[in-house]
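Take a look at the structure set out below.
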There are 2 protein chains.
Amino acid sequence: MKKMALLLMGCGGVGRQLLRHIVSCRSLHATQGVHLRVVGVCDSKSLVVAPDAHTSELDDKFLLEVCRVKEDGSSLSKLSGFGACQVFAHSELTAKVFNMASHLGKSTGLAVVDCSASSETTEILSRAIDLGCCIVLANKKPLTATMEYYDKLVSQPRRIRHESTVGAGLPIIASLNRILSSGDPVHRLVGSLSGTLGYVMSEVEDGKPLSQVVKTAKSLGYTEPDPRDDLGGMDVARKALILARLLGRRITMDSIKVESLYPDEMGPTVMSVDDFLSKGLPLLDKSICERVAKASVSGKVLRYVCVIEGTRCEVGIQELPRDSPLGRLRGSDNVLEVYTRCYNKQPLVIQGAGAGNDTTAAGVLADILDIQDLFP
Amino acid sequence: MKKMALLLMGCGGVGRQLLRHIVSCRSLHATQGVHLRVVGVCDSKSLVVAPDAHTSELDDKFLLEVCRVKEDGSSLSKLSGFGACQVFAHSELTAKVFNMASHLGKSTGLAVVDCSASSETTEILSRAIDLGCCIVLANKKPLTATMEYYDKLVSQPRRIRHESTVGAGLPIIASLNRILSSGDPVHRLVGSLSGTLGYVMSEVEDGKPLSQVVKTAKSLGYTEPDPRDDLGGMDVARKALILARLLGRRITMDSIKVESLYPDEMGPTVMSVDDFLSKGLPLLDKSICERVAKASVSGKVLRYVCVIEGTRCEVGIQELPRDSPLGRLRGSDNVLEVYTRCYNKQPLVIQGAGAGNDTTAAGVLADILDIQDLFP
């Protein structure tokens with residue numbers, strides 16, 4: 001049985017779901033000859049580790065208790081009394097992680113798994129790579145930091161996986177890596193990579209006012225608490241940067257042209273969420289409605305997409321043929337069209353749910369299993 | 001630089017394209033720290049190998065000459081005078097391959113790559129697995145042989161890849177393996193996995209007579225020389241069997257319900273291709289036309305698909321919602337809809353060109369790169 005040591009950073013929805021998946025897949029993974037040995041779990045404040053990271057692990061009962069404690073909004077430090085583990089406070093956290101990474105990285109192997117949404121993990125991940133560890137990310141921040149950090153994180157291309165940074169568990173990164181490694185050059189990527197904005201654009205296409213669509217999306221739980229976090233496009237821009245860098249573009253967030261669906265004067269520093277929804281947004285209805293009508297004349301529809309082509313990397317509304325995979329998109333699915341030498345007239349299309357803790361965590365788990373051959 | 005020894009079986013269009021891809025990707029793969037060392041190439045009659053498979057390789061000039069010679073319709077034995085190589089006739093072929101597999105499999109590693117369309121490679125591949133080799137297949141035959149052979153071929157799941165057996169280079173097998181390894185159960189697969197039949201069904205949907213559509217498809221080079229090889233559905237059935245077995249179904253070709261688009265009395269033993277096209281097919285126009293009209297009444301369209309769900313594994317015409325990924329399919333693209341726990345209401349969809357030597361060989365090459373961590 002191959003044993004893979006894991007250190008999980010981040011106990012939010014995705015991290016907890018990953019722990020639950022790991023526990024529920026025990027017998028499946030046993031049939032595949034793999035055992036996932038969780039040697040440590042941390043959030044932004046504390047780290048809990050198994051008594052001896054070389055030989056022991058946090059057992060399933062403990063991992064489920066981690067989920068329970070964090071779901072209650074409590075601190076990981078509460079677990080000190082629960083079972084065999086050591087708890088470290090924030091001040092000791094980084095040093096202890098480096099300590100584990102340096103001991104395990106080049107012996108039993110260690111995968112550092114980042115399910116947080118923090119930029120503070122970037123330094124830890126880049127050190128972990130130097131120490132011989134593998135890294136698996138659902139967190140977009142480290143891959144959208146400076147080029148120096150990016151170069152470091154991907155310096156051992158076989159030892160990094162980050163499927164769930166774009167389109168949750170959709171096989172986007174894995175498929176692009178396959179295409180790239182086979183020497184098939186990617187000419188153009190066009191993707192609707194925000195379920196929220198995908199939903200919004202297909203609803204306004206049906207003639208509904210933008211303001212009403214956003215309110216409905218919010219009430220359905222499709223948006224962030226402040227819908228401007230979706231409408232501003234920065235989350236899509238982050239995904240676009242990750243894809244562009246995967247294709248070899250040496251760019252930063254600043255290089256990406258991002259179209260926000262609301263103007264600066266309706267920004268979070270100017271008006272409250274309620275004011276934005278009731279007073280700001282309705283002022284935008286007419287303009288969007290006119291753009292929809294204008295596109296429609298030439299058989300096109302509006303989609304909020306990222307476009308990566310040549311040196312171009314843009315995020316915003318594009319007029320796309322109604323009769324194309326992106327044009328036909330309805331609802332909150334993500335869609336990516338990939339144009340290459342092999343897929344030139346008709347693109348390779350990958351489509352499906354691109355959000356949700358379950359599918360995001362499933363993508364992380366698939367990534368972990370994918371690097372098993374690097375473990376002794 | 002990691003060196004991966006490869007033995008290629010099959011020098012048809014896919015095999016030759018693979019050799020060309022390998023040669024043209026030299027500098028790309030060097031930047032990734034990998035060198036593909038082709039130590040042998042065989043067709044059904046001869047085997048050419050490098051002088052010393054442990055240390056030498058067939059160089060790029062030689063590999064391109066292999067392509068040239070085979071394209072001319074000549075025998076590999078013609079290469080004996082071309083450069084440093086040994087040529088073995090058919091009588092010695094299998095023994096020599098086993099010899100190389102047993103020497104390299106557990107030392108430098110060896111990937112046996114099957115780009116043939118022969119069932120004779122099955123025994124070689126299954127022995128190669130026993131001898132510690134990796135196997136990479138574009139050839140469907142070995143994976144659709146008996147369950148005994150299948151079990152043997154997948155007995156070391158990390159050491160087999162076969163993306164290009166279904167949908168050419170489309171990332172279907174890789175994506176399903178990711179889903180399965182993350183414990184997300186696949187409830188249902190529905191796929192249009194024949195470009196020819198995809199084209200035929202979308203054309204008859206537009207009201208064109210089946211007989212005319214098939215003639216056009218043949219003239220466009222979309223069909224086999226005898227279009228009945230496509231219309232009979234056996235090629236789709238083979239792909240369905242590979243997918244069903246991937247999902248854990250222990251079935252054989254006999255278990256698959258296959259609907260042929262032509263009746264037995266129009267079979268190849270009864271009438272010639274010309275007679276089939278001019279006299280047989282037109283007799284089928286009315287019935288298909290009626291089925292199209294009937295489906296249309298309830299907002300559905302006809303698609304020739306494989307359906308795998310529970311114990312069901314069928315290949316044939318299904319009525320599918322016009323407003324679904326498969327229903328919206330036009331032309332010769334392949335489409336697969338995957339329903340799982342994570343993708344339950346809306347499926348994961350993978351769509352694109354599912355045929356062609358270029359994309360098929362690219363899929364094989366991506367598979368080869370994917371197993372690099374198993375090489376020392």
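The values are calculated or read from the model by the stated rules, or taken from the named source; none is laboratory data. Not measured: the values here are computed from a predicted model. Here the Cβ positions follow ideal geometry from the backbone for every residue, glycine too, while neighbour counts run over all protein chains shown. Side chains included, ligands, DNA and RNA excluded: accessible areas come from the protein's heavy atoms. Shrake-Rupley method; radii C 1.70, N 1.55, O 1.52, S 1.80 Å.
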Test: residue in region B:324-343 that is without any contact (Cβ under 8 Å) to a residue 40 or more places away in the chain, surrounded by fewer than 21 Cβ atoms within 10 Å (Cβ to Cβ) and either acidic (Asp, Glu) or at the interface with chain A (Cβ under 10 Å from one of its Cβ atoms) (or both): yes
Restricting region A:209-228 to residues that are under 18 Å from A:Arg330 (Cβ atoms) and surrounded by fewer than 16 Cβ atoms within 10 Å (Cβ to Cβ), the residue that is modelled with the highest pLDDT: A:Gln212
Elements of type helices (runs of 4 or more DSSP H) in region A:152-220, at least 2 residues being farther than 30 Å from A:Arg127 by Cα and more than 10 Å from chain B (Cβ to nearest Cβ): A:195-205, A:210-219
Complete set of residues in region A:64-85 that are part of a helix (DSSP H, G or I), open to solvent by 30 Å² or more (accessible area, probe 1.4 Å), touching a residue at least 24 places away in the same chain (Cβ under 8 Å) and under 19 Å from A:Cys115 (Cβ atoms): A:Leu64, A:Lys70, A:Glu71
Any chance B:Thr122 is more than 11 Å from chain A (Cβ to nearest Cβ) and within 17 Å of B:Gly354 (Cβ to Cβ): no
Residue tally, condition open to solvent by 10 Å² or more (accessible area, probe 1.4 Å) and out of contact with any Ser or Thr (no Cβ under 8 Å at 6 or more places or on another chain), over region A:14-27: 6
Qualifying residue in region A:42-49 (condition: open to solvent by 30 Å² or more (accessible area, probe 1.4 Å) and either away from chain B (no Cβ under 14 Å) or acidic (Asp, Glu) (or both)): yes
Segments classed as strands (runs of 3 or more DSSP E), wholly inside region A:307-376, with at least 3 members that are closer than 30 Å to A:Leu18 by Cβ: A:334-340, A:348-352
Test: residue in region B:302-318 that is modelled with pLDDT under 95, within 14 Å of chain A (Cβ to nearest Cβ), on the phi > 0 side of the Ramachandran plot and open to solvent by 10 Å² or more (accessible area, probe 1.4 Å): no
